[in-house]
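A short write-up of the structure that comes next.
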Amino acid sequence: MPELRKDPVIGRWVIIATERARRPDLSSEPHEAAKEKLCPFCEGNESDTPSEIYAIRPKNTPKNTPGWDVRVVPSIAPFLRIEGELDRRGKGVYDLMNGVGAHEIIIETNQHIGNMADLSEEQIAKVFSCYADRITDLEKDKRFKYALLFKNYSWVAGAGIIKHSRSQLIATPVNPKRVKEELVGAKNYYDFHERCVFCDIIRQELDTKSRVVLDIDGYVAITPFASRFPFEVWILPKKHSCDFTALDPASRLSLASIMKKTLLKLKKGLNDPGYNYVLHTAPFRRQKVGYWKSIDYDYHWHIEIIPRLTRVAGFEWGTGFYICPVTPEDAAKFLREVDA
Amino acid sequence: MSELRRDPIGGRWVIVDTDHPSTPGEYDYEQQIYKNDICPFCYGNEIMTPPEIEAIRDNGTYPNTPGWQVRVVANKFPALQIEGEIDRRGIGMYDISGGVGAHEVIIETPFHNKDIPELSDQEVEDFLKVYCRRSLDLAKDKRFKYIMLFKNFGTPAGASLEHPHTQLIALPMVPKNVAEEIKGAHSYFEYRERCLFCDIIRQERQEKERIVLENNDFISFCPFVSRFPFELWIMPKKHSGHFCQSSADEIKSLAWILKETISRLKNIFPNLSYNYIIHTSPINSDGGLEGYHWHIEFMPKLTRVAGFEWGSGFYVVATPPELAAERLRNK
């Protein structure tokens, strides 16, 4: 019997359809779409990107030259532009505003390595500290409400043809819908129980264990109860905190370690699938002091990783109703048994 | 400067690239190329599917044999099962419900390689009538709260079989996005005592720049807040909450506009794969909310959805709907 499961945070129902796992089309898709050109993200090619915004590099090396560890540049094809005012307006029944925002590319290594799983833990920790620095910096721009940090690995996951490990950061002038739903869901739960919904999830998962993939050094990697996709994995800090940027350096290294292990398990166990991950963290809270009054207690930052194994049909987009062909319990068991 | 546009129904924001709009030629999409493997939906292979639930077939032919024009069977790999109780319960903090529902496949034509543009108007009308009949039949089952009709055409759009077919899923709850849409439409109705969708139709017919096609009963247009390039909505001009209550004349009009819309898209994008979903009101609900208006949302599969869209629910559209509509009108 298939099951319908409800996401406890945002209330989305998901069909966990064990029957469908037998369908023939559940395999990772081919990675390449086109031939790769010269990589602008490799060390030595700094002049092929727009001028850097930020870099982790030795003091004596100038901007836009080799010698860096992590480098941030503006996107050459930005979704949103940094200059200008929002100018909110209406047009009949419709509302619109100018596309103001920031769109940055975080180059995670100076070597031509495609998958974050193949970076060292120390390097991944540097990437995380770069995330925190960039988000903190963008918060100073009062036009922005949220900074969304995400990664598209491989062509199927929406990356371009260049295979060089990187993530993207987009600062938006409104809180994105999906983020808002999660914040509202977490707040509602808190108002009712006076507990954090994510802390409760972690407690129950550690208790039942069937969906735990890794439990190391202050972090857990789980396959969520209402997974939308096969082998979806969430990484959460056990210690309650709503804000990723507040992470201390030691904890960043632990996060890097569980991240690397999780990505390696996906790579080895599922034949190097494409994936996306998204950092879910608190929005900028400088305005409206009362508005996010309980957010320090009710929200809990985490990372959601989605391997791209199935093609998402339009109806799943259109309805918000997902059919997951592998139970999260089977997925967790499988991933636990992969060496990494 | 690109624009941020807000969907008046669900409140979603979309980024529309009005600065450097992409032309159709710039989309490097995966084409649907028929492989013509042995197909359970073709004539002579009726035995490969679960037994038929309903069919339009020649007089004197028997169920599960050739001679049909439209055929409905249960999905061989159902996401939900028809037998059993819903049995809603909690496991600790989690909620769970039995996967009770119906999952049917409507085989639109016996021809393996005939998508909607290659069918006659009558053939399109026939399978649309079957959509209605199946919806009405399943609505009798009080366990079901929503009937979702959707088509995935082509492997890139998530179809596991290439033979043209539509799926019908009857659910014991209303899917999240639909529920939000209904709620959004309802609060607009409460505030203005008018249907939001009727207002949209009025504004679109006035401005004309996003309209692709129009006939007596329907308009086909690129929505102001498109999530995908060349997204299209087909909407009845007359206010109506339920697709399955459409009259025979309306179904005839719908068949024409659906076929013509897809033909125009496929003229621009050869071997295009796509999805469409019929958005209609929930069933067997007490009271029901006013101000909903059924429609079809049509999504061409031209781009790959990436991490930004997942995480944010924000979409980025590289071709403004005004430009897309213009291209489609002139095709």
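The values are calculated or read from the model by the stated rules, or taken from the named source; none is laboratory data. Treat the numbers as computed from the prediction; the structure is a model and nothing was measured. Every residue, glycine among them, receives a Cβ derived from its backbone with ideal geometry; neighbour counts consider all protein chains shown.
For the list (1) at positive phi; (2) within 14 Å of another protein chain (Cβ to nearest Cβ), I need the number of the one condition that B:Gly60 fails.
Every condition holds for B:Gly60 apart from (2).
I'm checking my understanding of the structure. Among residues of region A:194-223 that are assigned to a loop (DSSP other than H, G, I, E, B) and surrounded by fewer than 23 Cβ atoms within 10 Å (Cβ to Cβ), which one is farthest from the other protein chains (Cβ to nearest Cβ)?
Among residues in region A:194-223 that are assigned to a loop (DSSP other than H, G, I, E, B) and surrounded by fewer than 23 Cβ atoms within 10 Å (Cβ to Cβ), the one farthest from the other protein chains (Cβ to nearest Cβ) is A:Asp217.
Every residue in region B:89-113 that is touching a Gly at 6+ places or on another chain (Cβ under 8 Å) and free of Cβ contacts under 8 Å to residues at least 12 places away in the same chain, please.
If the condition is that a residue be touching a Gly at 6+ places or on another chain (Cβ under 8 Å) and free of Cβ contacts under 8 Å to residues at least 12 places away in the same chain, then B:Ile96 is the only one that fits.
Which one is surrounded by the fewest Cβ atoms within 10 Å (Cβ to Cβ) among residues in region A:63-82 that are modelled with pLDDT under 85 and not aliphatic (A, V, I, L, M)?
My answer is A:Arg81.
So, in region B:288-317, of the ones that are of a type in the set (Ser, Thr, Tyr) and in contact with a helix residue (DSSP H, G or I) (Cβ under 6 Å, 6 or more places away or on another chain), which residue ends up modelled with the lowest pLDDT?
Once the filter is applied, the top-ranked residue is B:Ser312.
Among the numbered conditions (1) in a helix (DSSP H, G or I); (2) in contact with an Asp or Glu (Cβ under 8 Å, 6 or more places away or on another chain); (3) surrounded by fewer than 23 Cβ atoms within 10 Å (Cβ to Cβ), tell me where A:Ser251 comes up short.
Going through (1) in a helix (DSSP H, G or I); (2) in contact with an Asp or Glu (Cβ under 8 Å, 6 or more places away or on another chain); (3) surrounded by fewer than 23 Cβ atoms within 10 Å (Cβ to Cβ) one by one, A:Ser251 breaks only (2).
How many of the residues in region A:186-199 are within 14 Å of A:Trp301 (Cα to Cα) and either of a type outside the set (Gly, Ala, Ser) or touching a Gly at 6+ places or on another chain (Cβ under 9 Å) (or both)?
Total satisfying the criteria: 5.
Checking the structure you have, find out if any residue of region B:301-313 is of a type in the set (Ser, Thr, Tyr), touching a residue at least 60 places away in the same chain (Cβ under 8 Å), within 14 Å of chain A (Cβ to nearest Cβ) and surrounded by fewer than 24 Cβ atoms within 10 Å (Cβ to Cβ).
yes
Return a yes/no flag: does region B:204-224 have any residue that is in a loop (DSSP other than H, G, I, E, B), among the aromatic types (Phe, Trp, Tyr), within 15 Å of the chain's Cα centre (by Cα) and modelled with pLDDT under 95.
Within region B:204-224, none of the residues are in a loop (DSSP other than H, G, I, E, B), among the aromatic types (Phe, Trp, Tyr), within 15 Å of the chain's Cα centre (by Cα) and modelled with pLDDT under 95.
Surrounded by 16 or more Cβ atoms within 10 Å (Cβ to Cβ), within 13 Å of chain B (Cβ to nearest Cβ) and assigned to a helix (DSSP H, G or I): which single residue out of A:Val174, A:Val127, A:Val156 fits that description?
It is A:Val156.
Cβ-Cβ under 6 Å, sequence separation 6+ or interchain: first residue in region B:179-193 and within 12 Å of chain A (Cβ to nearest Cβ) and under 23 Å from B:Ile147 (Cα atoms), partner part of a helix (DSSP H, G or I) and not acidic (Asp, Glu). Which pairs?
Within 6 Å, the pairs are B:Ala185/B:Leu196.
Search region A:130-153 for residues being in a strand (DSSP E or B) and either closer than 17 Å to A:Leu247 by Cβ or of a type in the set (Lys, Arg) (or both), and hand back the single one that is nearest to the other protein chains (Cβ to nearest Cβ).
Looking at residues that are in a strand (DSSP E or B) and either closer than 17 Å to A:Leu247 by Cβ or of a type in the set (Lys, Arg) (or both), I get A:Lys151.
Could you pull out the residue among B:Ser285, B:Ser281 that is under 14 Å from the mean Cα position of the chain (by Cα), part of a loop (DSSP other than H, G, I, E, B) and at pLDDT below 95?
On inspection, the qualifying residue turns out to be B:Ser281.
Contact list please: Cβ distance under 6 Å, first residue in region B:145-170 and over 15 Å from B:Asp37 (Cβ atoms), second residue assigned to a helix (DSSP H, G or I) and among the aromatic types (Phe, Trp, Tyr), pairs at least six apart or on different chains.
B:Leu149/B:Tyr131; B:Phe150/A:Phe315
Could you tell me which residue of region B:1-16 is farthest from B:Phe308 (Cα to Cα), considering only residues that are assigned to a loop (DSSP other than H, G, I, E, B) and more than 8 Å from chain A (Cβ to nearest Cβ)?
The qualifying residue farthest from B:Phe308 (Cα to Cα) is B:Ile9.
Given (1) surrounded by 19 or more Cβ atoms within 10 Å (Cβ to Cβ); (2) more than 20 Å from A:Ser257 (Cα to Cα); (3) within 11 Å of chain B (Cβ to nearest Cβ), where does A:Gly185 come up short, assuming only one miss?
Going through the list (1) surrounded by 19 or more Cβ atoms within 10 Å (Cβ to Cβ); (2) more than 20 Å from A:Ser257 (Cα to Cα); (3) within 11 Å of chain B (Cβ to nearest Cβ), A:Gly185 breaks only (3).
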